[in-house]
Amino acid sequence: MVDQQNSTWSMDFMSDALISGRRFKVFNLLDDFNLEALAIEVDTSLQEERVVRVFEQVVSWRNKPERILVDNGPEFTPTKFVMWCEEHHQSIGSLSCQGCLLRIAASSDSRPVQ
């Protein structure tokens, strides 16, 4: 249960294609308390460095959330973003769509949340 701003943010990627067939990706960063879109990045290529840069920009004016939730997609396997989270003691968890269990993957006080 999210009961305040900056408690939990969710990050996800979506992709689509233009009528020409050219593919693009959308990176979304949301505050789960009020579903505020903290960042939306759209491009034909979104590299790890850019995700980290966008996250750092939001943190600079919003402060870090208690935890970040991500799906189990390939974008969030051990990457520069995951390393950034470890270096900055940022809790990062995953949302399993099967049963909607939240599992904290890397945190100083990792506790499963349901």
Over the range 29-42, the set of residues over 22 Å from ASP16 (Cα atoms) and surrounded by 13 or more Cβ atoms within 10 Å (Cβ to Cβ) is ASP31, ASP32, PHE33
Would you mind stating whether TRP61 is of a type in the set (Phe, Trp, Tyr) and either at pLDDT 90 or above or in contact with a strand residue (DSSP E or B) (Cβ under 7 Å, 6 or more places away or on another chain) (or both)?
yes
For the structure I just gave you, tell me whether LEU30 is at pLDDT below 90 and either assigned to a loop (DSSP other than H, G, I, E, B) or not acidic (Asp, Glu) (or both).
no
Scan (1) at pLDDT below 85; (2) in a loop (DSSP other than H, G, I, E, B); (3) surrounded by 15 or more Cβ atoms within 10 Å (Cβ to Cβ) for the single condition ILE104 breaks and write down its number.
(2)
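Could you run through the range 1-37 and say how many residues are touching a residue at least 60 places away in the same chain (Cβ under 8 Å) and basic (Lys, Arg)?
Number satisfying all stated conditions: 0.
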Does LEU46 meet the test of being of a type in the set (A, V, I, L, M) and not in a strand (DSSP E or B)?
yes
Some residue of the range 43-63 being surrounded by 12 or more Cβ atoms within 10 Å (Cβ to Cβ), farther than 17 Å from SER94 by Cβ and touching a residue at least 40 places away in the same chain (Cβ under 8 Å)
yes
Check on ASN6, in contact with a helix residue (DSSP H, G or I) (Cβ under 7 Å, 6 or more places away or on another chain) and assigned to a loop (DSSP other than H, G, I, E, B):
yes
Has the range 4-14 got any residue that is modelled with pLDDT under 95, of a type in the set (D, E, K, R) and out of contact with any Gly (no Cβ under 9 Å at 6 or more places or on another chain)?
no
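The values are calculated or read from the model by the stated rules, or taken from the named source; none is laboratory data. Predicted model only: the values in this text are computed from it and were never measured. Here Cβ is always computed from backbone atoms with ideal geometry, including for glycine, and neighbour counts include all displayed protein chains.
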